[in-house]
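Novice: This is the structure I have questions about; it appears just below.
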Amino acid sequence: MSTIDENNVRNVAEEAAKIAGSFLKLMAFDKLRVFNVEETKKATGNFISVFDKEVERLIRNTINMYYPDSIIYTDANKNEVLVEAKKNEIIWFVDPLDGSKAFLKGQFAFVCLSLAAWDKEGLVAGAIYNPFTEMLYTASRNSECFLNSEILPKPKPVLRNKARILIDFSHEISENIKLGLITSVLRNELGRILRFDGSIAQHLALIAQGTLDGAVIWGSGSKGAYWDLAAALLLLDRQGLVVTNLDGKKILPSDSSFDQLIIAEPTLQKELLEWVPIIREFKFVSDESAKKKRFFGLFDRFN
């Protein structure tokens, strides 16, 4: 059994988030030139890394003051092999700037930083902080889930066609799956919430908060990292929500993909998993005559 003080770890996560977030907010308004859409496409990673690396440094410094022997994983060491935590050792997963494109555009509502601590027994504590809206989500392994020190209420069961489901899919997936997802929304088989640009962690925090009822995130299966999700996964777990990949498997740090997720309270999550094979088998009619028949059939109801 771990002897790590999870409340102390959560306090350290909060402190690190606030210190680094204050810097991010100050620099954004003082130094950042807001790009338009075309300029953002041309912007190099070097520009964003100035903010990214400094936020990471501040988080590292705060963690190391309290837990100097910690191992810290960020985008900077994404190619390193993940090590297992030893007894009473903490591994931190840090995303210093989640929502970098939104940040460059000055769309700060979905920009945050997140960090989570892990030991031999799993996630210990975590924090997601948007310094621009001053929303700080925190939780520890055996605690309630908090938003700015207020306990978040537990989510209630909801029917699938009434649920506010976050729908997000990659442009790299097949056209049939894209059309299947869109068709499900249009037929009112799913809720109608689409993902905004910006932080994935903050979108998931909205599910923990109850603003959204769940998510279907259908990426290419080759992107993302555990530090993108770690803090959010803890929040969701403490709220009694279930998070798996599209095949129903739990998300672990050792996984190779983190962009295919099904999230909801247990009953709805099970429903969504049963619905996944239907979307995978969805076929869009491409025959021209069938298209015409379907198109002109729209007017039959008025005759």
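Novice: Consider Ile200 against the criteria (1) within 11 Å of the chain's Cα centre (by Cα); (2) surrounded by fewer than 24 Cβ atoms within 10 Å (Cβ to Cβ): it satisfies all of them except one. Which criterion is unmet?
Specialist: It fails just one condition, (2).
Novice: Moving on. Can you list the strands (runs of 3 or more DSSP E) found entirely within the stretch 106-206 that contain at least 3 residues being under 30 Å from Ile63 (Cα atoms) and touching a Phe, Trp or Tyr at 6+ places or on another chain (Cβ under 8 Å)?
Specialist: Answer list for the stretch 106-206: 112-119, 122-130, 135-140, 145-147.
Novice: What are the residue pairs meeting all of these: first residue in the stretch 13-24, first residue of a type in the set (Ser, Thr, Tyr), second residue assigned to a helix (DSSP H, G or I) and surrounded by fewer than 24 Cβ atoms within 10 Å (Cβ to Cβ), Cβ atoms under 9 Å, and 6 or more apart or on different chains?
Specialist: Taking only residues 6 or more apart or on different chains, the pairs are Ser22/Leu58.
Novice: For the stretch 187-209, state whether one or more residues are closer than 24 Å to Leu115 by Cα, among the acidic types (Asp, Glu) and in contact with a helix residue (DSSP H, G or I) (Cβ under 6 Å, 6 or more places away or on another chain).
Specialist: Yes; the residues of the stretch 187-209 include at least one that is closer than 24 Å to Leu115 by Cα, among the acidic types (Asp, Glu) and in contact with a helix residue (DSSP H, G or I) (Cβ under 6 Å, 6 or more places away or on another chain).
Novice: Now for a separate question. Which pairs have Cβ atoms under 6 Å, sit 6 or more apart or on different chains, and link a residue in the stretch 242-254 that is in a loop (DSSP other than H, G, I, E, B) to one that is at pLDDT 95 or above?
Specialist: Listed pairs, sorted by first residue: Ile251/Val243.
Novice: Right, something else. Can you tell me which residues in the stretch 211-240 are under 13 Å from the mean Cα position of the chain (by Cα) and either of a type in the set (D, E, K, R) or in a strand (DSSP E or B) (or both)?
Specialist: Gly214, Ala215, Val216, Ile217, Trp218, Lys223, Asp228, listed by residue number.
Novice: Any residue at all in the stretch 159-168 that's of a type in the set (D, E, K, R) and touching a Lys or Arg at 6+ places or on another chain (Cβ under 7 Å)?
Specialist: yes
Novice: Restricting the search to the stretch 210-232, which residues are under 18 Å from Leu113 (Cβ atoms) and either touching a strand residue (DSSP E or B) at 6+ places or on another chain (Cβ under 6 Å) or of a type in the set (Lys, Arg) (or both)?
Specialist: Tyr226, Trp227, Asp228, Ala230, Ala231 - these are the residues of the stretch 210-232 that are under 18 Å from Leu113 (Cβ atoms) and either touching a strand residue (DSSP E or B) at 6+ places or on another chain (Cβ under 6 Å) or of a type in the set (Lys, Arg) (or both).
Novice: Another question, if that's okay. Identify all residues within the stretch 111-133 that are free of Cβ contacts under 8 Å to residues at least 60 places away in the same chain and farther than 15 Å from Ala201 by Cα; write none if there are none.
Specialist: Scanning the stretch 111-133 gives a single hit, Gly122.
Novice: Moving to a separate point now. Out of the residues in the stretch 117-127 that are small (Gly, Ala, Ser) and either closer than 20 Å to Phe23 by Cβ or out of contact with any Gly (no Cβ under 9 Å at 6 or more places or on another chain) (or both), which is surrounded by the most Cβ atoms within 10 Å (Cβ to Cβ)?
Specialist: So, considering only residues that are small (Gly, Ala, Ser) and either closer than 20 Å to Phe23 by Cβ or out of contact with any Gly (no Cβ under 9 Å at 6 or more places or on another chain) (or both), the one surrounded by the most Cβ atoms within 10 Å (Cβ to Cβ) is Gly126.
Novice: Residues that are under 19 Å from Trp92 (Cβ atoms) and β-branched (Val, Ile, Thr): does the stretch 159-169 have at least one?
Specialist: no
Novice: With the condition kept exactly as written, say whether any residue in the stretch 237-254 is within 27 Å of Ile128 (Cα to Cα) and modelled with pLDDT under 75.
Specialist: There is no residue in the stretch 237-254 that is within 27 Å of Ile128 (Cα to Cα) and modelled with pLDDT under 75.
The values are calculated or read from the model by the stated rules, or taken from the named source; none is laboratory data. All values derive from a computational prediction rather than experimental measurement. Using ideal geometry, Cβ is built from the backbone for each residue, glycine included, and neighbour counts are taken over all protein chains shown.
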